[in-house]
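The values are calculated or read from the model by the stated rules, or taken from the named source; none is laboratory data. Since we're looking at a predicted model, the values are computed, not measured. Here Cβ is always computed from backbone atoms with ideal geometry, including for glycine, and neighbour counts include all displayed protein chains.
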Amino acid sequence: MRRLFAIVALSCALLPAPLFAAEEKAAAEEKIGADEKAPTSVQDLRYGVVLYDFFQDDYFQALTELMLGEQQQDMPHHAEFAQLLRGGISLSYGMDAQARQIFEQLLAQHPQATVRDRAWFYLAKNYYERGDSANAATILDRGGNNLPEELLQERDYLRANMALQRGDLTAFTLPIYDANTTNPWQPYLLFNLGVAQATHGNAQAATQAFTQLASIPLSEEEHKALRDRALTASGYNYLGAQQPQQAVETFRQVRLNSPFADKALLGYGWAAAQLDNYALALQPWQELNQRSLLLPAVQEGLLAVPYAYEKLNAPAQALEQYQHAEQLYLQEIARIDDATKTLQTASLLNLWLDEKAKETWLSRHEELPVTPQLPYLEHLLALNSIQEVLKDMRDLGVLDQYLSEWRERLTALDWAQALQYQRRQQALHDRPDMKLNADLEQLQQRRNDIANQLQQAQQNRDGALLMDEKDIAVSKRLERVRNHIEFLQQHGQDVSAAQAAYQRYRGLLLWRTQENFAARNWTMTKELRDLDTQLALSQLDKVSVDHLVERAKTPEQGERIRALDARLQTELNNIHRAQAQGDKVLREHAIAELQQQRVRLVAYLSRAKLAEARLLDKGTTEALP
């Protein structure tokens, strides 16, 4: 799914190239060249956050941001690509219906054929891997051929495989897009064809398919393992057809370090036994018995070795090997019983997944990590249904962790909002807005007085209007002197000397105020500007205080927070029930798998004991006179 996400993100050329494979980079360059209006940078902040979370492998947080952005509609420049990314993440989380709905809405008329066809391909592949071949075939048909060669080859393989599932045994060749390149999916298709032919009872046709696969020159380790598997299956087909010599030759071609070597060694021995060459049969069986007893082939091989000794007329060695097998079967049965007891109480998820894997494992394409506690369940883990349950359990664990953290945050938020609510109520009591309004009114009045004083002084060029406090005090004193002189004059006193002194000092005052006019004009102009600045800041403070007072009227939010907390608790309860159900399903499957192995081991143990008794009875009978 990372490839699908990369295609979506790269379609708008938003991300650094080293994060993607060469083909995605090439697709992005082609997209940019075709669309000059494509954005070359993140234009919506939330979309950038989404991409950051995604490439930090925090898919849940990325999906959360996408859904929040859709609700708040704050990703207008990247709405389409955000929806595609959401569809891809939803698909990886197993929400197929939601992903398909998103793709059908956005991709049906998408102008870029490469983006459209790739998205349909990956959606169809997801349905195929979930076993829904009908939907997979329908969606594959919606896509075109605007895919790179490797995806075209895989698409044709999926179509051929679905044809085999429908019973069409003729779909065993794939188109060749490059004469110099071998289709990497051809070996898988040949193997599936062989299995299908064998299932329908066509042993000869199955063998032909397996033989054709084995003849293909392969270099990849995975392909070599597939060839070994095909050779093993072909060898057993020869065994079933009573052609032991061909079976021996086929089994010999399987590598000893192959994952299927145990089955090949067992079959090799039985093919030699069909040829009555029990000495040859002992060789692969003895090699097989050096391997882990967890393998069913090894469990059967423990009985095959003494059987060969009996055929070689070596009853003592046969009896010894039967007794050795009996001990090993008993030990293994005891281990299975211990493992079954462990499963009664232990968490299956913790046994199968380590902590690191829980944090990083998302895609079903990645190898599922397994802890060493329960090696008996290897076969069970290979089932897609069990892997899907494990993946769902892992996702539920992540949700449990997120919701639990959110509940803790809500508790802190409730405490914080309660404290803020108390402060707001205190603000309503103190009414700081009224005090600020009064101060603002005084400041405005002073500003108006100075502005009027400056205007009149500048119009009249009268320095007396700009006197400072010292000059104003002198002016008031002179005014009192003038009033006193007028009073004395009215009463017949001689005030000529006083009038001369008054005029002299009055003239000095006027001369000084005119001399200081420019300086006083500059000082008062500066004071006026400072008052304007203070008024502007006070206006901002007034807005903040008014907002605070208005917010103080907001009702207490504790009830809403507690409702959200109750909702989270309900979701957590649902998650815990789903986890319990999933754990129950895993436990039932695991215990059933262990019981099947135990039944098989008990059957082998019974056969070993019967063989011992038979050999002992035979020896006793032969010893009688």
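State whether the residues of the stretch 70-80 include one that is of a type in the set (Asp, Glu), more than 30 Å from LEU164 (Cβ to Cβ), at pLDDT below 80 and not in a loop (DSSP other than H, G, I, E, B).
Keep residues of the stretch 70-80 that are of a type in the set (Asp, Glu), which gives 70, 74, 80.
Now drop any that are not more than 30 Å from LEU164 (Cβ to Cβ), which leaves 70, 74, 80.
Narrowing the set further to residues that are at pLDDT below 80 leaves 80.
Now drop any that are not not in a loop (DSSP other than H, G, I, E, B), which leaves 80.
Looking through the stretch 70-80, at least one residue is of a type in the set (Asp, Glu), more than 30 Å from LEU164 (Cβ to Cβ), at pLDDT below 80 and not in a loop (DSSP other than H, G, I, E, B).
Test ASP276 against the criterion of being at positive phi and of a type outside the set (Lys, Arg), and give yes or no. Show your work before the answer.
Working: at positive phi: yes; of a type outside the set (Lys, Arg): yes.
So ASP276 fits the description; yes.
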Can you list the helices (runs of 4 or more DSSP H) found entirely within the stretch 320-438 that contain at least 2 residues being at pLDDT below 65 and closer than 30 Å to ALA563 by Cα? 384-430
Which residues, taken from the stretch 53-89, are of a type in the set (Val, Ile, Thr) and without any contact (Cβ under 8 Å) to a residue 12 or more places away in the chain? THR64
Is there a residue being modelled with pLDDT of 75 or more, out of contact with any Gly (no Cβ under 6 Å at 6 or more places or on another chain) and in a loop (DSSP other than H, G, I, E, B) anywhere in the stretch 28-50? yes
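This table checks each residue for (1) at pLDDT 95 or above; (2) in the same structural domain as GLN327 (by TED's automatic domain parsing); (3) aromatic (Phe, Trp, Tyr); (4) under 22 Å from ILE333 (Cα atoms).
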{"position": "TYR236", "(1), (2), (3), (4)": "no, no, yes, no"}
{"position": "PRO244", "(1), (2), (3), (4)": "no, no, no, no"}
{"position": "ALA261", "(1), (2), (3), (4)": "no, no, no, no"}
{"position": "LEU295", "(1), (2), (3), (4)": "no, no, no, yes"}
{"position": "GLY301", "(1), (2), (3), (4)": "no, no, no, yes"}
If you check every pair at least six apart or on different chains, which have Cβ atoms under 6 Å apart with a residue in the stretch 318-347 that is within 14 Å of LEU377 (Cα to Cα) first and a residue that is of a type in the set (Gly, Ala, Ser) and modelled with pLDDT under 90 second? LEU343/ALA590
Cβ pairs under 6 Å, 6+ apart, first in the stretch 466-493 and farther than 28 Å from ASN521 by Cβ, second of a type in the set (A, V, I, L, M) and surrounded by 13 or more Cβ atoms within 10 Å (Cβ to Cβ): ILE485/VAL495; ILE485/ALA498; LEU488/VAL495; GLN489/VAL495
Sort out which residues of the stretch 112-149 are surrounded by fewer than 18 Cβ atoms within 10 Å (Cβ to Cβ) and touching a residue at least 40 places away in the same chain (Cβ under 8 Å), and write them in order of number. GLU129, ARG130, GLY131, PRO148
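For every residue, the table says whether it meets (1) surrounded by fewer than 19 Cβ atoms within 10 Å (Cβ to Cβ); (2) on the phi > 0 side of the Ramachandran plot; (3) free of Cβ contacts under 8 Å to residues at least 60 places away in the same chain.
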{"residue": "SER234", "(1), (2), (3)": "no, no, yes"}
{"residue": "ARG291", "(1), (2), (3)": "yes, no, yes"}
{"residue": "GLY301", "(1), (2), (3)": "no, no, yes"}
{"residue": "ASN313", "(1), (2), (3)": "yes, yes, yes"}
{"residue": "ALA316", "(1), (2), (3)": "yes, no, yes"}
Is there a residue in the stretch 456-471 that is surrounded by 14 or more Cβ atoms within 10 Å (Cβ to Cβ), of a type in the set (A, V, I, L, M), modelled with pLDDT of 70 or more and touching a helix residue (DSSP H, G or I) at 6+ places or on another chain (Cβ under 6 Å)? no
